[in-house]
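Worksheet: the structure to be examined is printed underneath.
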Amino acid sequence: MIRQLVRAAAVAVAASLAPALAQDFPSHPVKIVSPYPPGGTTDILARLLSPKLSAALGQPVVVDNKAGASGNIGTEFVARANPDGHTLLMGNNTGVVINRNLYKLNVDPPQALVPVILVAQVPTVLYVHPSVPAASVQEFVALVRKSPGKYSFASAGSGSPQHLAGEMLKAAFDLDMVHIPYKGSGPAITDVVAGQVPVGFESTVVLQPFVESGRARPLATTGAVRSISLPNVPTMMESGAKDFDVTNWYGLFAPAGTPREVVERINAEVRKIMEAPEVKERLAKMGSAVVPGTADEFARFVKAEVPRAAELVKKSGAKVD
């Protein structure tokens, strides 16, 4: 209760100072926190935007990886930061709306953060190491059923969309597989392409280069429609899994209480960046077709995702390890 009162007081003070803060923004370097290790989607997207946002704002924009606890450490760090726009989160559905259904958190991200802009939305992909003798979901299911408990799958962490997708795969086809959670997408995919783990689920953003180099074989995507970056790969629903729709989304957030004018300034600059032809092309290659929108549109999106995430966790049967 005391913590909530302190937080409310801080937000009230920030609101009273909002006009002055907005006029001075940015007065020093801006930090984008990626709550996962280097090499994952949040890290890749943050580093895609940071140099261009730095040029637009006239201040250095640095990426700070604060990994741990399935994204909870970095997410909480930003939620507790000074609400002046100089500390931002490259957040995702894991840290913002999924983890609250699985972990006991010190902050409630949908309340402690203000949405700034949706940056990317991509499906998860079921993929295997090239040594796995399966070229389709049907062949993979037959393989796993032949050797129950032999095949494990890697994910970016407990409670991640990749983890939920894996649990839904197990439930859809009644498979005996072991979940191996990693501390981010980078470490997970490194072990799969090295042959340490035979199977994984990963976003198209991280997986695409490994598919192109032949180091990973995609079997299916988890969205409602095929991915624009992997058009020849069927969806899980096409492969026989009913109502299988798991997507990953990523966006910039600021601490609650950040002046509206500052949020709008950052939103406007990032929209310009995302509308640049070279950035649009890069995002499309990653499998994202997001049309840059307003902060209000992103806020409505996140609000709708809160109950959807709760239902997805329930449907998957996922438990944190």
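Things to note:
- Pro161 falls short of the stated requirement of being of a type outside the set (Gly, Ala, Ser), assigned by TED's automatic domain parsing to the domain that holds Pro187 and surrounded by fewer than 18 Cβ atoms within 10 Å (Cβ to Cβ).
- Some residue of the range 258-273 being buried (at least 22 other Cβ atoms within 10 Å of the Cβ), out of contact with any His (no Cβ under 6 Å at 6 or more places or on another chain), assigned to a strand (DSSP E or B) and in the same structural domain as Ala79 (by TED's automatic domain parsing): no
- Among residues that are among the hydrophobic types (A, V, I, L, M, F, W, C) and either surrounded by fewer than 17 Cβ atoms within 10 Å (Cβ to Cβ) or out of contact with any Phe, Trp or Tyr (no Cβ under 7 Å at 6 or more places or on another chain) (or both), Val193 is not included.
- Only listed residue being closer than 25 Å to Ser34 by Cα and modelled with pLDDT of 95 or more, chosen from Asp176, Asp191: Asp191
- The residues in the range 145-195 that are among the β-branched types (Val, Ile, Thr) and not in a helix (DSSP H, G or I) can be counted, and the count is 2.
- Among the residues of the range 300-319, those identified as hydrophobic (A, V, I, L, M, F, W, C) and surrounded by fewer than 15 Cβ atoms within 10 Å (Cβ to Cβ) are Ala304, Ala310.
- Filter result for Thr247 (within 14 Å of the chain's Cα centre (by Cα) and surrounded by fewer than 23 Cβ atoms within 10 Å (Cβ to Cβ)): yes
- Only listed residue being outside the structural domain of Pro130 (by TED's automatic domain parsing), part of a strand (DSSP E or B) and touching a residue at least 60 places away in the same chain (Cβ under 8 Å), chosen from Leu252, Leu230: Leu252
- Scanning the range 62-99 for residues that are closer than 19 Å to Pro259 by Cβ, in contact with a Lys or Arg (Cβ under 8 Å, 6 or more places away or on another chain) and aliphatic (A, V, I, L, M) turns up just one, Leu88.
- Top-ranked residue in the range 276-291 [being touching a residue at least 60 places away in the same chain (Cβ under 8 Å) and out of contact with any strand residue (DSSP E or B) (no Cβ under 7 Å at 6 or more places or on another chain); ranked as farthest from Thr222 (Cα to Cα)]: Ala276
- Verdict on Val225 being of a type in the set (Val, Ile, Thr) and within 23 Å of Val144 (Cα to Cα): no
- In the range 121-168, residue farthest from Met274 (Cα to Cα) [restricted to those that are of a type in the set (A, V, I, L, M) and modelled with pLDDT under 95]: Met168
- Residue in the range 138-151 that is among the small types (Gly, Ala, Ser) and touching a helix residue (DSSP H, G or I) at 6+ places or on another chain (Cβ under 8 Å) present: no
- Test result for Ser227, touching a helix residue (DSSP H, G or I) at 6+ places or on another chain (Cβ under 6 Å) and at pLDDT below 95: yes
- Residue within the range 62-80 that is closer than 17 Å to Asn267 by Cα, surrounded by 21 or more Cβ atoms within 10 Å (Cβ to Cβ) and over 13 Å from the mean Cα position of the chain (by Cα) present: no
- The numbered conditions (1) at pLDDT 95 or above; (2) surrounded by 19 or more Cβ atoms within 10 Å (Cβ to Cβ); (3) over 15 Å from Ala154 (Cα atoms) are all true for Val211 except (2).
The values are calculated or read from the model by the stated rules, or taken from the named source; none is laboratory data. Everything numeric here is computed off the predicted structure, so don't read it as measured data. Don't worry about glycine lacking a Cβ; one is built from the backbone with ideal geometry, like all the others, and counts go over all protein chains shown.
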